[in-house]
Amino acid sequence: MNLAAAVNENLAHYSNVLIYTAMAVYTLAFLAHIAEWVFGSRSAVGRTAAAITPESAAANRASVTVQTAEKGGGTAVLERPKVITRSAPGSRDVPDGPGAAGGTEQGDVYGRIAVGLTVLAFLTHAGGVLTRALSVERAPWGNMYEFSTTFGMVAVATYLVLLALKKNVRWIGLPLVTTVLLDLGLAVSVLYTDSDQLVPALHSYWLWIHVSCAIISGASLYMGAVSTLLYLFRDRYEAQLENPEGKQYRQAVKSVLARVPSAASLDKFAYRINATVFPLWTFTIIAGAIWAEAAWGRYWGWDPKEVWSFITWVAYACYLHARATAGWKGRKAAYLALIAFGCYLFNYYGVNIFITGKHSYAGV
Amino acid sequence: MSTTDTDSAAEKAAGQASAKTAEQAADSGAGGAEERELGAAGSQLSTAPAEEINVPSLGPLGWARWFWRQLTSMRVALLLLFLLSLGAIPGSLIPQTSIDQLKVQDFKDKHPTVTPIYEKLQLFHVYSSVWFSAIYILLFISLIGCIVPRTWQFVGQLRGRPPAAPRRLTRLPAYTTWRSDAEPEKVLEAAQRIMKRRRFRSQLTGDAVAAEKGYLREVGNLLFHAALIVLLVSFAAGQLWKTEGSSLITEGGGFSNSLTQYDDIKTGQLFQSDDLAPFSFQLDRFHATYERSGPQMRTPRTFRADVTYWDGVDGAARKKSIKVNEPLEIQNYKVFLLNHGYSPVVTIRDGQGDVVHKGPVVGLPIDGANLTESMVIKLGDYRDKNGKRDQVAYQGQFLPTWVRSKGMFSQFPALDNPALVLTAYHGSLGIDGGTPQSVYQLDKSRMKQYLEPDGKTKFARALSPGDTMKLPNGEGTLTFDGVKSWASFQISHKPGDETALLGAVAALVGLVGSLFIQRRRVWVRAVRGDDGATVVEMAGLGRSEYAKLPEELAELAVRLQTDAPPADPEKPGDTAEPVDPADPAEGARA
């Protein structure tokens, strides 16, 4: 067996430097996002009310165009059929907000700078994770420090990929960068563990499968949770617009909420992410069970980590079912989604730190 | 009960939309009929049960029916799911007997006030408690009560045909129309061909083609839920027929699979001892390496047990290395490496020079990281130098790495400088009365410790391998011959593992199908208009989460337009938009 592949101290050192550098760049990205939101607020306030009226909403529900390759190279241009869509009654038909920059040029410049800085920080971050892995010649997921750094990296990667696919996700930039900074800060200060080899129980190719899936699931579910949280605020905001006499948010809050996507879009985004990740999370648990069978002689033994991943699974199953049930759609389902993500977080921090079980490795 | 049946909303949407029309288009007078028509088109897009609350009629049968309907309703299923996750929480926070009995005892000693309450609530074995079992059994009954009728319903749908087109296609979530010079029959024929090529199930009814696709979604959904039942049943079977025991074996020692060879064994309720399969193995050597430096010094890096095993009563000997993640698999049993430690090998002679013990002795680990072991060797049949009967006990510690300046605890888990530090007693061991005693503990109440020749200092020696200690006055000797490793193994047999894996994989496949396949319907209607041109109408209905429906409809329309080219597209007024004249806002909204 590979007897403690010698730790390459140099690489481990580079890894730490890169992670700290990434944190510095993320901080700059954070400031640029703040600037984006601040400059965006100047224009947004006045426009808000106008933007939300159904008339302008109609413009957003434009007909669908189809891209089909022209066959035969003929000059005849086919008339594109105009498809009329009809949204479900009861939905508000409110258009998405204009984004953090609020349509201002200055805000947009800062927003672009923020995204650029995030890309730079991500590359540094990824370099840090990679050198850490190379320094020990194994998957960099052996302890909480390594898990946290990879987790943040995957969350940013998911965001950047969605951005590259031209999805409307720029609004998530600020909360994402903030959380990644928190995550990395916690990792370097509290969870830090020196680069080292694994205990024998972790010597398995299932480490690659099980833990990578857990990280990707968590990072994606995190995006879903941010969207859900924002949905709850935006939903209330939209309800207030319909009922101007009732209790209202403060102007500053309104200015922010006016610029994020509509409640329906946020809800749909969260659902898509959660529904897509749910099978992956299921697979994570199954892979974990197969590994547990090989390592500990039973595929399911109600170890605290197993219990909490099961609870997380059931909570997301609850959410998906609730979303299918008419009476539980909307806010109620959103609360369930947040509870479910809370379970995921507790499974990571709570179970590792406060409860001893078979998943406790390498100190913290 | 299903993961993503959002179609009821879509149906409702269609229903409400048509209800709205009924009000507005009062002149048509066919509002109710229209609603019914659209209801049929939107119905059975899935087999999800309708949410309904019935006031129970009197009588036990009525109540039973009401109870059953409640149990199989989505609301109650949700509640049960939620309870299941809530119920699982205490098991992760309170020590469980099934995981660690010592911890449970420790907890009980520390919290005497809550212990009786916890015991009454069965909180020390949550996952086999009555209330937890009740939750999941109810959940699974609810599940079965849901998927069985849905399966029949689905089979019915498969044997039937897609429902006919609703009268007003404009009311559907996605709609398009154009005029064409092609004959209506030709258009419908082409539409059917296109649908078939796109693997829609389609049929021609009257002036319209009805097509449907994505049945696999329901298949996935039913598969997922059925697989969960398979999973539960195989888990239960594993629990009922399992055997799980452990055995500690010193290098050179062996194990053969019979009840007496286990140090402890847990079996399921339905297990019988003659079920044990015949096999045996012998521990040839045990290897361990540890981190030598850095903050994780002493952390084990590799464990490997080299064994020889025999399959069956007189099978051939085969060799294999058991590692932490690589158990030995034999006759549906798995032999896992659990733990390891050291056994000093000693030869003990009494006052007469006769060998009273020769071989490895097992100690009790008292320091997990560095493997210091507390040793007790009891010699009940011993003669002193005068030939008189006596009982002698050696007590002390074994240190795999002894550093003289650091005291009586080992400094490293490997055998860097093994030492056996012992003192000795003689007198009565207290074993003659027949009271069972722990082999790791010495009752010193009737024992006298040997003293150095000065008569004051207590007698003690530190031995390296090869050394011999002599008791004062020629009472006997102990030779430290060397050290052997021991390893403890978990030997377990759980039927149903393969079925459980199969269930898990099926659940995953079903889940992917039920989440990513979209079930949708498309209708194409072609009728000759008053002016002689053919009016082609297309509409789609899908689950509310299916955002790509308009795109798909448009794509189908483009295909169909090769067979039914739009008539005179330059003239803008020509493309008819048969929107309700009574409802211009509807058109604007589109």
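In nanometres, what is the gap between the two model label sites at B:Ile431 and B:Arg198, each 7 Å from Cα along Cα-to-Cβ?
8.6
Where a Cα-Cα gap under 27 Å defines reach, which lysines qualify for B:Lys213, not counting those fewer than 8 residues away within the same chain?
Candidates past the 8-residue exclusion: A:Lys71, A:Lys82, A:Lys268, A:Lys329, B:Lys12, B:Lys186, B:Lys196, B:Lys548.
As a check on your grasp of the helix formula, calculate [θ] at 222 nm for chain B: sum -39500 (n - 2.57) over DSSP H runs of n ≥ 4, divide by the residue count, round to the nearest 500.
Values: 12 runs with 189 residues, N = 590.
Rounded to the nearest 500, the figure is -10500 deg cm²/dmol.
Determine the distance separating the Cα centre of the stretch B:414-451 from the Cα centre of the stretch A:91-118; give it in Å without decimals.
Cα centroid to Cα centroid, the span is 78 Å.
What's the angle, to the nearest 10 degrees (0 to 90), between helix B:130-159's Cα axis and the longest principal axis of chain B?
Helix B:130-159 sits roughly 40 degrees off the main axis of chain B.
Nothing charged except the Cβ atoms of Lys and Arg (+1) and of Asp and Glu (-1): what's the magnitude of the dipole of the stretch B:44-162 about its Cα centre? Round to the nearest 20 debye.
Roughly 460 debye for the stretch B:44-162.
Give me the extension gain from B:Asp530 to B:Glu498: residue separation times 0.36 nm, minus the current Cα-Cα distance, reported in nm with one decimal. Walk me through the intermediate numbers first.
Working: separation 32, 0.36 × 32 = 11.52 nm, distance 6.71 nm.
Full extension of this stretch gives 4.8 nm more.
With charges only on Cβ, +1 for K and R and -1 for D and E, what is the dipole size of the stretch B:410-527 about its Cα centre, in debye, rounded to 20?
It works out to roughly 1080 debye.
Compute the angle between helix B:184-197 and the longest alpha-carbon principal axis of chain B, please, reported from 0 to 90 degrees and rounded to the nearest 10.
10
What order, most packed first, do the peptides B:495-503, A:26-34 have when packing is the mean number of other Cβ atoms within 10 Å of each residue? Present the calculation step by step, with values, prior to reporting the outcome.
Numbers: B:495-503: 18.2, A:26-34: 20.4.
Packing order, densest peptide first, comes out as A:26-34, B:495-503.
Share of Cα-Cα pairs in chain B beyond 33 Å, in percent?
More than 33 Å apart: 66 percent of the Cα pairs in chain B.
Ordered by packing density, taken as the mean number of other Cβ atoms within 10 Å over each peptide's residues, highest first, how do A:213-225, B:436-448 rank?
A:213-225, B:436-448
Given an 8 Å cut-off on Cα distances and at least 6 residues of separation, report the relative contact order of the stretch B:341-481 as a percent.
Across the stretch B:341-481, relative contact order equals 23 percent.
For an R0 of 56 angstrom, estimate the FRET efficiency from the Cβ-Cβ distance between B:Ser445 and A:Glu9 and round to the nearest 0.05.
Numbers: r = 57 Å, r/R0 = 1.01.
Computed FRET efficiency for B:Ser445 and A:Glu9: 0.50.
Evaluate the relative contact order of chain B (contact order divided by residue number), counting alpha-carbon pairs under 8 angstrom at least 6 apart; express in whole percent.
19
Based on Cβ point charges of +1 for Lys and Arg and -1 for Asp and Glu, what charge dipole magnitude is obtained for the stretch B:166-292 about its Cα centre, in debye rounded to the nearest 20?
Charge dipole of the stretch B:166-292: 1400 debye, to the nearest 20.
Highest first, please rank the peptides B:156-165, B:476-485 by the mean number of other Cβ atoms sitting within 10 Å of their residues.
Ranking, from highest mean packing down: B:476-485, B:156-165.
Among B:Tyr127, A:Tyr249, which comes first, then next, by fewest other beta-carbon atoms within 10 Å? Let's see the in-between values first.
Working: B:Tyr127 19, A:Tyr249 15.
Listing B:Tyr127, A:Tyr249 from fewest to most nearby Cβ atoms yields A:Tyr249, B:Tyr127.
Zone of B:Arg285 (label point 7 Å along Cα→Cβ, backbone N under 16 Å): which residues in the stretch B:309-327?
Label zone hits: B:309, B:319-323.
Within 10 Å of each Cβ of B:302-308, how many other protein chain Cβ atoms are there on average?
Working: counts 8, 5, 2, 0, 0, 0, 0.
The per-residue average across the peptide is 2.
Say the dipole of chain B comes from +1 at the beta carbon of Lys and Arg and -1 at that of Asp and Glu; which of B:Gly245, B:Ser234, B:Trp178 then lies farthest toward its positive end?
Positive-end residue among those listed: B:Gly245.
Which pairs break 27 Å Cα to Cα here: B:Lys108/B:Lys406; B:Lys242/B:Lys320; B:Lys103/B:Lys494; A:Lys167/A:Lys305; B:Lys242/B:Lys484?
Too far apart for the 27 Å limit: B:Lys108/B:Lys406; A:Lys167/A:Lys305; B:Lys242/B:Lys484.
R0 = 45 Å: FRET efficiency of A:Leu134 with B:Gln70, Cβ-based, nearest 0.05? The partial results should precede the final answer.
Numbers: r = 59 Å, r/R0 = 1.30.
The value I calculate is 0.15.
Roughly speaking, what is the stretch gain from A:Gln248 to A:Ala24, that is 0.36 nm per residue apart minus the C-alpha to C-alpha distance, in nm to one decimal?
76.9 nm
Can you put A:Ser212, A:Ser262, B:Ser133 in order of Cβ neighbours within 10 angstrom, beginning with the fewest?
In order of increasing Cβ crowding within 10 Å: B:Ser133, A:Ser212, A:Ser262.
Which angle between 0 and 90 degrees, to the nearest 10, do you get for helix B:549-563 versus the longest principal axis of chain B when only C-alpha atoms count?
It works out to around 50 degrees.
State the Cα centre-to-centre distance between the stretch B:126-157 and the stretch B:59-88 in whole Å.
Using only Cα atoms, the two centres lie 10 Å from each other.
Averaged over its residues, how many other protein chain Cβ atoms are within 10 Å of peptide A:278-284's Cβ atoms? Please report the intermediate quantities before stating the final value.
Working: counts 5, 12, 2, 0, 6, 5, 0.
Mean shielding count: 4.
What is the mean number of Cβ atoms from other protein chains located within 10 Å of the Cβ atom of each residue in peptide B:83-92, rounded to a whole number?
Details: counts 1, 6, 14, 3, 2, 7, 5, 1, 3, 15.
For peptide B:83-92, the averaged partner shielding equals 6.
Can you tell me how much longer the chain between B:Glu189 and B:Gln105 gets when fully stretched, taken as 0.36 nm per residue apart minus their C-alpha distance, in nm with one decimal? Please report the intermediate quantities before stating the final value.
Details: separation 84, 0.36 × 84 = 30.24 nm, distance 7.77 nm.
So the extension gain works out to 22.5 nm.
Find the relative contact order for the stretch B:44-162 and round it to a whole percent, using C-alpha pairs within less than 8 Å whose residues are 6+ positions apart.
Computed over the stretch B:44-162, the figure is 34 percent.
Pull up all non-local amide H partners of B:Ile366: gap of 5 or more, or a different chain, and H-to-H distance under 5 Å with H placed in the peptide plane.
B:Thr372, B:Glu373, B:Ser374
No lab work stands behind these numbers, since they all come straight from the coordinates. Since the model is a prediction, treat every value here as computed from it, not as a measurement. Heads up, the Cβs are rebuilt from the backbone with ideal geometry, glycines too, and the neighbour counts pull from every protein chain shown.
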